[in-house]
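Since every read-out is calculated from the coordinates, none of them should be taken as a lab result. Treat the numbers as computed from the prediction; the structure is a model and nothing was measured. Cβ: placed from backbone, ideal geometry, glycine included. Neighbour counts: every protein chain shown.
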Amino acid sequence: MRFGNVNLHLVSDGVYWEDGGGLFGLVPKALWERVAAPDERNRLKFEMRSLLIESAEQRILVDTGYGDKLTDKERGFVSLEGERRLLDSLAKLGIGPLDVDLVINTHLHGDHCGGNTGYDENGELVPTFPWATYCVQRLELADATFPNERTQATYRRENFEPLAKAGQLRVLSGDTRLTDEVRVVVTPGHTRAHQCVVVESGGQTALFLGDLASWPIHIERLSWVPAYDVEPLVSIETKRNLARWAVENHVLLIFEHHPEIGAGYLHATERPERFRLEPHGF
Ligand SMILES: [Zn+2]
């Protein structure tokens, strides 16, 4: 999709399946199963959609999926199939690992940064994109480096430590402009320093939501907050602010995890806490 002076592409690290209760937290199943029918193990299908932003100077990749480092047992648990899914998706656009200049991680949960690194032919852990600078929030890196009992399963050192070792990690402290068209904004709630990516060019604005709103329903209904969010009440306020901003500025919202809807425009409804997404394909 042409977007002002840049091209936006949706690429994919494939799909996985995870418990529906996790995605909807306190929302009763009787309500959420009207939005999405779970499989026989009560699981829902998740897309791992990454955003590739191509400008004249740079190729920027936002999030890298699970990658290929999970054990067979871990893969079985989330029904993840296939190898090199994201790399193949990028290759279809003619983009190889050497062509990516910047990688932005919305946060360091395993399904967002697993593809940051991989094993080389000698079995060494190395950055997947050898020439890229990887951008992570300082507080997110701290939380990932020193996880607690609740967060340790999803924060895996092998996804970010090799970046620092290779000198390819750029640690951001708060909202940061990365290029003329691309900036990150800290959007706390899912994690304390989750960041969303804003693309602005030619009078148009797009927002990659990461897990601030994994699916459209999470921003359409502010009270629908995943059980994964570490600060659920903060999530609601962050979503409220971004939803209002997106409606007022006709912002194209991009969703990382919904199996079908990749993007859309948000509209207000008669109820202040509810919004409606108009899907927009690209
Ligand atoms: Zn996620």
Would you pick out the residues in segment 27-49 that are touching an Asp or Glu at 6+ places or on another chain (Cβ under 9 Å) and exposed (fewer than 15 other Cβ atoms within 10 Å of the Cβ)?
41, 42
Residues in segment 123-156 that are out of contact with any Phe, Trp or Tyr (no Cβ under 9 Å at 6 or more places or on another chain) and either among the aliphatic types (A, V, I, L, M) or within 22 Å of residue 100 (Cβ to Cβ) (or both): how many?
14
With 205, 176 as the choices, which residue is over 21 Å from residue 248 (Cβ atoms), of a type outside the set (D, E, K, R) and without any contact (Cβ under 8 Å) to a residue 60 or more places away in the chain?
176
Does residue 210 meet the test of being over 27 Å from residue 19 (Cβ atoms) and not in a strand (DSSP E or B)?
no
For segment 213-242, which residues satisfy the criterion of being in a helix (DSSP H, G or I), more than 16 Å from the ligand (Cβ to nearest atom) and either buried (at least 24 other Cβ atoms within 10 Å of the Cβ) or charged (D, E, K, R) (or both)?
220, 237, 240
Quick one: would you say residue 202 is of a type in the set (Gly, Ala, Ser) and within 17 Å of residue 112 (Cβ to Cβ)?
no
